[in-house]
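Since the structure comes first, as C-alpha cells, the remarks are kept for the end.
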Amino acid sequence: MSVQLLANVLIGVALVCFLGYRQATWQYLDPTRIWRSPMVMAIIGVVVLAQTKATITTVDIVFLGIEALITIGVGLSMGSITRFRTVATPDAKGRTIQSRTGWIGASLWIVLIAVRIGLDVLGGHLGAHLLTSTGTILLVLALNRAARALVIDQRIPRGGRGDHGDRGDRGDRTTDGRSTRGMMVR
C-alpha cells in the first residue's frame, strides 16, 4: 500500500465520519454557509488535480462520470430527506433553525463509500487511475454536498416564519405570528 493511497483512505474516512456524524445529529443551519463546504472542497480538489501528473484516459472519464452521477443522486436524496426544526433559544450566532437527515442520511454515506470503493477497485483493474487521487475524492464529495445544498436551499424555511416540518405545520403565519393553519382569518 502506497503512502498516497493510505493518505487518501485516512482523509476520506475522517471526512466521511465527520459528515456522517453531522448528518445524524441536529445542527444549526445557516443558509449563507450551506454552499461554503462544497466550494472549498471543489477548489482544493481542482488545485490538487491540476498538480497530478497522471494521464487522463477514456476509462477515467467514464468512471468519473458514473461516480459523479451516483454522488449527485445521493446528495439530492440527502437534501430531500433533511428535516428542519425551529428551536426557541437561538445559538451564539442568532440561528434558530436546525436540520438533520438522521440515520438514513448516515446510511446513505455508507452506501456512497461502498459504491466509491467498488468503482475504485473495478476502475483500477480497467486502467482508471485518476479515481484514487485526493483531488477526485474531494471533487466527488463537493458534488455530493452541492447537490444536497441545492435541495436544502429550496426547502429551508425563510424569513423567520419558522418551519415545523416534523409536526406537519407548513409555517403559515399571520402578521402577528399566529398560525393560520386550521383557522379562519378575516
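The values are calculated or read from the model by the stated rules, or taken from the named source; none is laboratory data. In this text the structure is predicted, and so the values were computed from the model without any measurement. Glycine gets a Cβ as well: all are built from the backbone with ideal geometry, and neighbour counts include every protein chain shown. To get the accessible areas, we keep the full protein, side chains included, count just its heavy atoms, and leave off ligands, DNA and RNA. Shrake-Rupley method; radii C 1.70, N 1.55, O 1.52, S 1.80 Å.
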- request: Hey, could you check the stretch 85-109 for residues that are open to solvent by 10 Å² or more (accessible area, probe 1.4 Å) and among the hydrophobic types (A, V, I, L, M, F, W, C) and say which is nearest to residue 152 (Cα to Cα)?
  value: 97
query: Identify, please: which residue in the stretch 60-84 is surrounded by 17 or more Cβ atoms within 10 Å (Cβ to Cβ) and touching a Gly at 6+ places or on another chain (Cβ under 7 Å) and is, among those, nearest to residue 110 (Cα to Cα)?
result: 78
query: Counting just the residues of the stretch 29-58 that are touching a Ser or Thr at 6+ places or on another chain (Cβ under 8 Å) and at pLDDT 90 or above, which one comes out surrounded by the most Cβ atoms within 10 Å (Cβ to Cβ)?
result: 45
- prompt: Looking only at the stretch 127-186, which residues are hydroxyl-bearing (Ser, Thr, Tyr) and modelled with pLDDT under 50?
  reply: 174, 175, 179, 180
